[in-house]
Amino acid sequence: MGFLKTTTSIDLGDTPIENIFLDVYMPMANGTFVKVYLLAYKYACDKDMGMNVTNQTIANNLNIPLADVLSAWDFWEEKGIIKKIPKSSDDPWDYTVEFFSLKQLYIDNNYKSIQDIQSEKAEELEDTPIYTATTKDLLEANKIPEIKEMFRDINDIISRPLVPNEKMQILEWFQDYNIDPPFVVKAYGYCRYKKNVKNINYVSAVIRDWYDRGISTVEQLEEYLLSQGERYGNYSSIFRAMGFGSRTPSEIEIKIMNKWLDEYKYDMDIILKACENCSKTSNPNMNYIDKIVSNWYEAGVKTLEDVPKVEKIAKPNTSNEKPAPSISKVKTKFHLNNSRGSKYNADELEKLLLNRNKAPK
């Protein structure tokens, strides 16, 4: 068989796709990523510079979720054939995509001078090798309780078990971004809450953006999210104050916290003050703190200075422990109302025992 191409009498426009993309890069990607690349490349070649094209435009035209478009750019950037150029520091997802010339990349990578090669080899000897996790590393990591707990928390967030390749990629984040397991769980929780995205490449892009901003701890992350007006930062601060660690809040817990912030219009300092009461109970939970905050609200607390005025308000008792029931004495043949010895004092009892032990004459 063969392939033929006909011509047209009217020029309706063409989009030149380099053969290197078709031969090398297209086979390694899924169909959605290829469609995103081709459509966006078409827009890049379009001479109508007045057209305002966004990632949402591409998602709408291809009838795919916006998350798939963002994941496609993460994939192609990882392959080194595009570059994301941020438009502003406020929105990490607002960026321009620059397409590289694949021909020039091929030339740069395959036709280098001897001096360039020698220089690169010298730099490689000085640089620290990039860490790549192995199956052995994963087996060793699974023996660490904190990492096992992290994997379980992520499974709950994405509603499926992580596959081994995903776990190994997460282990690489520890080396690449100098972060710890609670930070990773926070990142997954944020992506699920903010964008309802569970894709590991998307989470990786978020962590990389935070790392570029100098954020590598949970405390730094909370401070950054709060500075950006991100409600998830409030949730994280409240949960840490309650001793819940990196656990992701449930929908019910989010609803309760939103009530404090939106309906009661409480500042974080009042809410965190209420969370200090967690140390006063063996079973701290959201309902316990909710009753304290609600009591304060009903008592007219509006600022942190008002709290001492209502400290005498009875704290809610959410403990499941019941008071020990009084023990009633049941009369049996082994229980008498009064001991026969109760009418004698100590000296009289001693005399009775001595007289009983005397041998009869």
Exactly one of (1) farther than 27 Å from residue 158 by Cα; (2) assigned to a helix (DSSP H, G or I) is unmet by residue 253. Its number? (1)
Every residue from segment 55-88 that is part of a loop (DSSP other than H, G, I, E, B) and touching a residue at least 12 places away in the same chain (Cβ under 8 Å): 64, 80, 81
Within segment 240-261, work out how many residues are at pLDDT 90 or above and acidic (Asp, Glu). 0
If residue 139 passes every condition in (1) at pLDDT 90 or above; (2) surrounded by 13 or more Cβ atoms within 10 Å (Cβ to Cβ) but one, which one does it miss? (2)
Only listed residue being in a helix (DSSP H, G or I), buried (at least 17 other Cβ atoms within 10 Å of the Cβ), touching a Leu at 6+ places or on another chain (Cβ under 8 Å) and of a type in the set (Gly, Ala, Ser), chosen from 236, 204: 236
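Using the structure shown, decide if residue 17 is assigned to a loop (DSSP other than H, G, I, E, B), on the phi < 0 side of the Ramachandran plot, under 33 Å from the mean Cα position of the chain (by Cα) and modelled with pLDDT of 85 or more. Can you show your working first?
On the way: assigned to a loop (DSSP other than H, G, I, E, B): yes; on the phi < 0 side of the Ramachandran plot: yes; under 33 Å from the mean Cα position of the chain (by Cα): no; modelled with pLDDT of 85 or more: yes.
It is false that residue 17 is assigned to a loop (DSSP other than H, G, I, E, B), on the phi < 0 side of the Ramachandran plot, under 33 Å from the mean Cα position of the chain (by Cα) and modelled with pLDDT of 85 or more.
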Does residue 273 qualify as being at pLDDT 50 or above and part of a loop (DSSP other than H, G, I, E, B)? no
Do we have any residue at all in segment 69-76 that's outside the structural domain of residue 195 (by TED's automatic domain parsing), surrounded by fewer than 16 Cβ atoms within 10 Å (Cβ to Cβ) and of a type outside the set (Phe, Trp, Tyr)? no
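The values are calculated or read from the model by the stated rules, or taken from the named source; none is laboratory data. In this text the structure is predicted, and so the values were computed from the model without any measurement. Positions of Cβ are backbone-derived with ideal geometry, glycine not excepted, and every protein chain shown enters the neighbour counts.
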